[in-house]
Amino acid sequence: MNESTAPFTLEYPPLVAALLPIIGTGEAYLVGGAVRDALLRRPSHDLDLATPDDGRRLAKQIANAFNGAYYPLDPERKVGRAILDYEGVRYSVDVARFRGDSLQDDLYGRDFTVNAIAAPLRGDLQALIDPLDGVRDLHEKRLRRCTPDSIRNDPIRALRAVRQSLQFKLLIERETRADLREYGVGIVHSSPERVRDEFMTMLGGAKPQAALRALDSLGLLSLIVPEIDAMRGVPQSAPHIYDVWEHTLNVIERLDGVITTISPQRTDETAADGALGLIVYLLDIFRPQLQAHLEAALPNGRSVRALLMLAALLHDCGKPATRSVSENGRIHFYRHELIGAEMAEVRAEALRLSNEETARLVGCVRHHMRPMHLRNAESLSRRAIYRFWKATDRLGLDVCLLTLADYLGVVGTHLQVPEWLAHLQVVRALLDGYFNRHAEVVAPPPLLSGKLLMDALNLAPGKLVGQLLEQIAEAQAVGEISTSEEALDLARRLYKK
């Protein structure tokens, strides 16, 4: 096999050295992403090991040694995963038996040459095993398939090619690109879960708008999200300057900017855009809370950012089905958010999203127009703030972020600062209610229990009790009542009606 010394001293995660006593005299290699990331001087918390033996056994030993968790992944290929904490960092360690009879067979069976580089765990980690010249491809910023069968054997690699080319700033080599176009359509025969995982990782990664355009150019995006085909070329009236599809892509690009603006990665350069600078000016007081919201991992490990990008992709999917033209020639999409929410639920099921993800996705699409409607009011009332959060609950934070990108995606380069400021003021008032006046305006502590209300009015359990309690809660939130006596008096008046 082609062996060479690393072009510079590679720095691996500290866990790598800690694994050596567990490996013992066994044969094992660090492969794939961890070696690639070391060559790119990128931090890596996911380690892949290859061994001629059953990988599940070694993965279980690693998990036990660090009091971590063990998961069997692939019985056929004998792959196991250890999830553990080491020196304050969470690691995922996947151990797999060689693809084929040797390490060389394993490397040739991988997806791209930059991921087909190995280092011996029991030898010199600076001595790289690189039979496919992945180090040179990485240096020359090129993404190249390992063999002519790489994409045909696993079409999911077409999605991975797009994601990694953007993530690592690599140019997809010509023959590889041709294979992506020819064999990538095979994703329709792949498991929905694998498609979902790769697609959601892409949406949560670098330059999601560029990734979607690349997938679209390869004819793959509509295989994953067929709703996009009907959006193409659907015109919209002013203030929209794009058709529905181009508007959608613009919203995704702007959402990427909005999230970066409130993230720890924000720099003076990224916030230099005038529209984003006003977000800093008006909404930065909520930056820590919004960061915590975005960084809270979903139970399955997928990211809130990826789910938000999917919501942006689908937020106007109901427009083609609801398009109408008035006598004066103006285009309308009445109730498109409701139709779109139904379509988003179907897509969530097809992608095998969790119940929580589905609820957030559908709710975000259903309610994405609410802040736009609130902008027409001169000032945002406590009642409007209460009703917004009553309808949306915590997913209203997703709606607030999406509406910023949606507005910017409508006007494009034709931003009118006064109107943008008015929209930001609406979002600021909503966020202030949620974060600073939650117990006062959003969810005030109940003045009455259902039992007390039923006893006072001699009511039987039923829908009426809930309706009265809701009207009492709203009156309390807007400041009309503040005591249980006032709440009972209001209930009596409402009941008499």
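The number of residues in region 80-98 being within 15 Å of A28 (Cβ to Cβ) and either of a type in the set (G, A, S) or surrounded by fewer than 20 Cβ atoms within 10 Å (Cβ to Cβ) (or both) comes to 3.
Quick check: is even one residue across region 212-228 under 28 Å from V325 (Cβ atoms) and of a type in the set (V, I, T)? Yes, region 212-228 has at least one match. Here P461 passes the criteria (1) modelled with pLDDT under 90; (2) part of a helix (DSSP H, G or I); (3) in contact with a helix residue (DSSP H, G or I) (Cβ under 8 Å, 6 or more places away or on another chain) except the one numbered (2). Among the conditions (1) surrounded by 15 or more Cβ atoms within 10 Å (Cβ to Cβ); (2) assigned to a helix (DSSP H, G or I), the only one that E419 does not satisfy is (1). Against the test of being more than 23 Å from H315 (Cα to Cα), touching a residue at least 40 places away in the same chain (Cβ under 8 Å) and in a helix (DSSP H, G or I), the options R160, R194 yield a single qualifying residue, R160. Here D124 meets each of (1) without any contact (Cβ under 8 Å) to a residue 40 or more places away in the chain; (2) in a helix (DSSP H, G or I); (3) out of contact with any Lys or Arg (no Cβ under 8 Å at 6 or more places or on another chain); (4) of a type outside the set (F, W, Y) with one exception, condition (2).
The values are calculated or read from the model by the stated rules, or taken from the named source; none is laboratory data. The shown structure was predicted, so the numbers you read here are calculated from the model rather than taken from an experiment. When we count neighbours, we look across all protein chains shown, and the Cβ atoms used for this are built from the backbone with ideal geometry, even at glycine.
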